[in-house]
Amino acid sequence: MGVLDPFRFVLISIAGWMNQQQQQAIEYLREENNVLREQLGGRRLRFTDEQRRPLAVKAKGLGHRALAAVATIVTPETLLAWHRKLIARKYDGSARRGPGRPRVEREIESLVIQMATDNRDWGYTRIIGALSNLGHKLARGTVANILKRHGIEPAPERSRKTTWKEFLTQHWDMIVAADFFTVEVWTASGLQRFVVLFFIELSTRRVEIVGIHREPDSAWVVQCARQLTDPDDGCLRGKRFLLHDRDARFTAAFADTLSAAGVETVRLPARSPNLNAYAERFVRTIRESCLDQLILVGERSLRTAVHEFVQHYHHERNHQGMRNQLLFPIERTGASDGPMACRARLGGLLKYYDRPAA
């Protein structure tokens, strides 16, 4: 074995001394980091992107094994994950990426929904054509996505389902609703309950009090049906449908009498007052505005109160559901421009205002 070259010996000695110094510096920094972490009480350190970047660059140069020996603030896996994110960010072109297909304007989307709901048998092609007439160009898939997003079924499924609102709208002028309501009246034998049967035209809100009876039976109701279908002055002339609830007094004989006159009875589902909303609303109105405000003594007082209210309801009371107008205003010729006059019914319970005729 030859003699060691003095120069190489010096280099090896210096390198060993430098490696020892570096190892001691690393051990010192690791111990210092442990002390700092103990002072933080085990709380997790939060790094900014500016702090992560240099740590990630240095970590990649060391490798996983060397990092496991020196990293104390974060794990080697975290440092290497930071480095991968830096590379991904470098090649991320989202900032230079232009916008995709623009969203359909809200107004056009509303038109698509309106056309599909107003016309249950219109498919995608029919809707596209109607939009084209208005100057809007939409693809078939766009229309399909809009309807799907709003929970609207395609035309075949929509056309098979007729809503109650659509049925009423399509037959509005041919529908009359019927209902009963009860009133407590003082008589010679004490407090008695009277039943009032009325009919209301849905298109005009005209109300017809058909009868008032203390103990109505099937025969009485059938006789009322005959009066309603009288060819000269029956209120069901020209009507096709009669809506009513499942009251037992609407018997099969009642339905047969109306059917013979060309009026079909539509029996509503149980516990569904909203399907006969106009009749229910009239009952509430006559109770709150009239009957609940009076102590009725005898059948005659009940008939008078009901008659006066119906006259007021038809000719003197504005109806919000009819554009806040009178249903059947009385023509007064020669009305002056003088002061208004207050008219009253039932001792001032029902009031209205007009100009007296000259």
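Bear in mind these aren't lab numbers, they're just calculated from the coordinates by the rules spelled out. A quick note: this is a predicted structure, and the numbers were derived from the prediction, not measured. Every residue, glycine among them, receives a Cβ derived from its backbone with ideal geometry; neighbour counts consider all protein chains shown.
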Exercise. By average Cβ neighbour count within 10 Å, what is the ranking of 234-241, 271-278, 259-266 from highest down?
Worked result: 234-241, 259-266, 271-278
For this session: Provide the packing ranking of 144-151, 197-204, i.e. peptides ordered by the mean count of other C-beta atoms within 10 Å per residue, highest first.
Result: 197-204, 144-151
Seminar exercise, completed: Counted neighbours (other Cβ, 10 Å), sorted fewest up, put 315, 244 in the order 315, 244
Problem set entry | segment 295-302 - phi-based ³J(HN,Hα) in whole Hz, Karplus 6.51/-1.76/1.60, Gly and Pro as x | 9, 8, 10, x, 4, 4, 5, 5
Exercise. Looking at the square roots a ≥ b ≥ c of the eigenvalues of the Cα gyration tensor of segment 170-341, which shape do they give, rounded for a/c under 1.5, prolate if a/b is larger than b/c, or oblate?
Worked result: oblate
Exercise. If Lys and Arg each add +1 and Asp and Glu each add -1, what is the summed charge of the other residues whose beta carbon sits under 13 Å from the beta carbon of residue 253?
Worked result: 0
Seminar exercise, completed: Of 208-216, 317-325, ordering from highest average Cβ density within 10 Å down gives 208-216, 317-325
Problem set entry | Anisotropy class of segment 204-281 from Cα gyration tensor, a/c 1.5 cut | rounded
